[in-house]
Amino acid sequence: MKVSARNVFKGTVKAIQEGAVNAEVALTLPGGEDLVAVVTLQSVKSLGLAVGKEAVALIKAPWVMLMTDDSGFRLSARNTLKGTVTRVSDGAVNAEVVVTLAGGTEVYAIVTREAVTELGLATGVSTTAIIKASHVILGVPA
């Protein structure tokens, strides 16, 4: 599978909580982290999602926000993945920041160069990748 999304995570469906229109699907990534997606019930059915099945989560890098100090904030975003910056690649306007989670999964984020400076993002800095559950696209092996 070739896709333009920078983040492609293989995982196993841990739980599915169905609502009236949408469902919350929790995946466990190979490193043990959980990633939550909100998709339509029709998507759950058409993809054949079920606990224990393999799935792939796609997340575009610009949809990943970074935070270096939570300062006691609670967020509505379901996915807060703690890790360490392992690479910052500067561009003319934006930078690509790679955050490695404790289990080894790499999360790619595209943020402004100004954000890199303001947050002090550099190799070795602890950070949290924040991803809204509605920004996670799920797929399954054919």
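For Thr100, the requirement of being without any contact (Cβ under 8 Å) to a residue 60 or more places away in the chain, under 30 Å from Ile16 (Cβ atoms) and not assigned by TED's automatic domain parsing to the domain that holds Leu47 is met.
What number of residues within the stretch 63-101 are closer than 18 Å to Gly120 by Cβ and part of a loop (DSSP other than H, G, I, E, B)? Please lay out each step first, then the result.
Within the stretch 63-101, the subset closer than 18 Å to Gly120 by Cβ is 64-71, 73, 82-90, 94-100.
Right, trim to part of a loop (DSSP other than H, G, I, E, B) and you get 64, 68-71, 73.
Residues in the stretch 63-101 being closer than 18 Å to Gly120 by Cβ and part of a loop (DSSP other than H, G, I, E, B): 6 in total.
Against the numbered list (1) over 16 Å from Ile137 (Cβ atoms); (2) surrounded by fewer than 19 Cβ atoms within 10 Å (Cβ to Cβ), Val85 comes up short only at (2).
I'd like to check something: does the stretch 60-68 contain any residue that is over 13 Å from the mean Cα position of the chain (by Cα) and basic (Lys, Arg)? Break it down into steps so the answer makes sense when it comes.
Taking the stretch 60-68 and keeping what is over 13 Å from the mean Cα position of the chain (by Cα), we get 67-68.
Applying the additional criterion that residues be basic (Lys, Arg) yields none.
Scanning the stretch 60-68 turns up no residue that is over 13 Å from the mean Cα position of the chain (by Cα) and basic (Lys, Arg).
Just one of the listed residues (Leu121, Leu138) is in a strand (DSSP E or B), in contact with a helix residue (DSSP H, G or I) (Cβ under 9 Å, 6 or more places away or on another chain), at pLDDT 95 or above and surrounded by 13 or more Cβ atoms within 10 Å (Cβ to Cβ), and it is Leu138. Select from the stretch 2-12 the residues that are in a loop (DSSP other than H, G, I, E, B) and within 17 Å of Ser43 (Cβ to Cβ) and write down the one among them that is modelled with the lowest pLDDT. Restricting to residues being in a loop (DSSP other than H, G, I, E, B) and within 17 Å of Ser43 (Cβ to Cβ), the top hit is Val3.
The set of residues in the stretch 103-133 being of a type in the set (Val, Ile, Thr) and either touching a Gly at 6+ places or on another chain (Cβ under 9 Å) or touching a residue at least 24 places away in the same chain (Cβ under 8 Å) (or both) consists of Thr105, Val107, Ile110, Val111, Val116, Thr123, Val125, Thr127, Thr128, Ile130, Ile131. Only one entry of Val51, Val56 meets the criterion of being closer than 19 Å to Ala133 by Cβ, outside any strand (DSSP E or B) and of a type in the set (A, V, I, L, M, F, W, C), and that entry is Val51. Residue check: Val21 meets all listed conditions (1) over 26 Å from Val85 (Cα atoms); (2) touching a Ser or Thr at 6+ places or on another chain (Cβ under 6 Å) but one, namely (2).
Within the stretch 90-103, the residues that satisfy the criterion of being at pLDDT below 95 and over 17 Å from Thr128 (Cβ atoms) are Asp90, Gly91, Ala92, Val93.
If the condition is being β-branched (Val, Ile, Thr) and in a strand (DSSP E or B), then the stretch 13-33 contributes Val13, Ile16, Val25, Thr28.
The values are calculated or read from the model by the stated rules, or taken from the named source; none is laboratory data. Here the structure is a predicted model, which means the values were calculated and not measured. Don't worry about glycine lacking a Cβ; one is built from the backbone with ideal geometry, like all the others, and counts go over all protein chains shown.
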